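Where a number appears in this text, it was derived from the coordinates with a stated rule and is not lab data. These numbers were taken from a predicted model, which means no experiment stands behind them. In this analysis, Cβ positions are derived from the backbone assuming ideal geometry, glycine residues included, and neighbour counts consider all displayed protein chains.
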Amino acid sequence: MTEKTAEDWMKEALHEARMAYLIGEVPIGAVIVHDGEIIGRGHNLREHGQDATLHAEMMAIQEACEALHSWRLEGCQLYVTLEPCLMCSGAIINARIPEVFYGARDPKAGAVRSLYEVLEDSRLNHRVTVHERVLARPAGEMLENFFRDIRKRQKAAKRARKQAAEKN
Ligand SMILES: [Zn+2]
C-alpha cells in the first residue's frame, strides 16, 4: 500500500463536510490520523444538536481521545476543511495535537492565521505545526454553494410570502 498524502486525508475531511451539507449544516468536516489510520471523525452538527460546541474538530478530538484512551493526542495529525475557530484551536492545544492541516481560511472566525495565531503563540507551552490551504478550493466552494443555496431559499420564501400577501 502506498503512503497516503495530506490531500488524501483532506479528502476524508471533505467527505465529512459533505455529510454536514446533506443534512443542512454548515459544511465543515475533520478527521484525525494516527499511525496512518483515521481514529476520529466529525462534522459540524451545531443545528441538529443545538449545541455551540459541536464543531467538526471537537467531535473528531473526542472520538480520537476515546480511541487512544488518552487526552493527549501525541503523534496525531488533524485535518479540517476550514481554519479552526478559537474554541477548536484551544481544544487542539489542550489535546497536544502536534500537526494541523486545514483547507480554506475563515476571515470571520479563524484563530490560526486570520484573526489570531493561537496555534503558534510562543506564550503557550504547546506549539503546533500548521499547514494551510490544503485542498482549500473544494472546501471553500462547498461553503459558498451552501450559503448560496440558503440565500436562494430565503429569496424564494420571501417571494412566496409577498405573492400570498398580494392575493389577500
Ligand atoms: Zn470550531
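Bridgeable lysines around Lys158 (alpha carbons under 29 Å apart, same-chain partners fewer than 8 residues away excluded): Lys108, Lys167. Say the dipole of the stretch 70-168 comes from +1 at the beta carbon of Lys and Arg and -1 at that of Asp and Glu; which of Ile93, Pro107, Val128 then lies farthest toward its positive end? Looking along the dipole axis, the top candidate is Pro107.
Ordered by the count of other Cβ atoms within 10 Å of each Cβ, fewest first, Ser122, Ser70 give Ser122, Ser70.
Rounded to the nearest 5, the antiparallel percentage of DSSP beta bridges internal to the chain is 60%.
Listed by chain and number, the lysines placed with their C-alpha closer than 30 angstrom to that of Lys162 are Lys152; residues fewer than eight positions away on the same chain are left out.
Exposure proxy shown here: for Phe101, Phe147, the number of other Cβ atoms within 10 Å sets the order, fewest to most, as Phe147, Phe101. Computed about the Cα centre, the dipole magnitude for the stretch 68-135 is approximately 60 debye when only Lys and Arg (+1) and Asp and Glu (-1) carry charge, each at its Cβ. Straightening the chain between Glu47 and Leu115 buys 22.0 nm, computed as 0.36 nm per residue apart minus the Cα-Cα spacing. Projecting the Cα atoms of Ile28, Ala13, Gln50 onto the dipole axis of the chain, where Lys and Arg carry +1 and Asp and Glu carry -1 at the beta carbon, places Gln50 farthest toward the positive end. Counting every alpha-carbon pair across the stretch 1-150, the share separated by more than 29 Å comes to 9%. Each Lys and Arg Cβ is given +1 and each Asp and Glu Cβ -1; about its Cα centre, the stretch 13-109 then shows a dipole of about 200 debye.
Taken about its Cα centre, the chain carries a charge dipole of roughly 1360 debye when the Cβ of each Lys and Arg holds +1 and the Cβ of each Asp and Glu holds -1.
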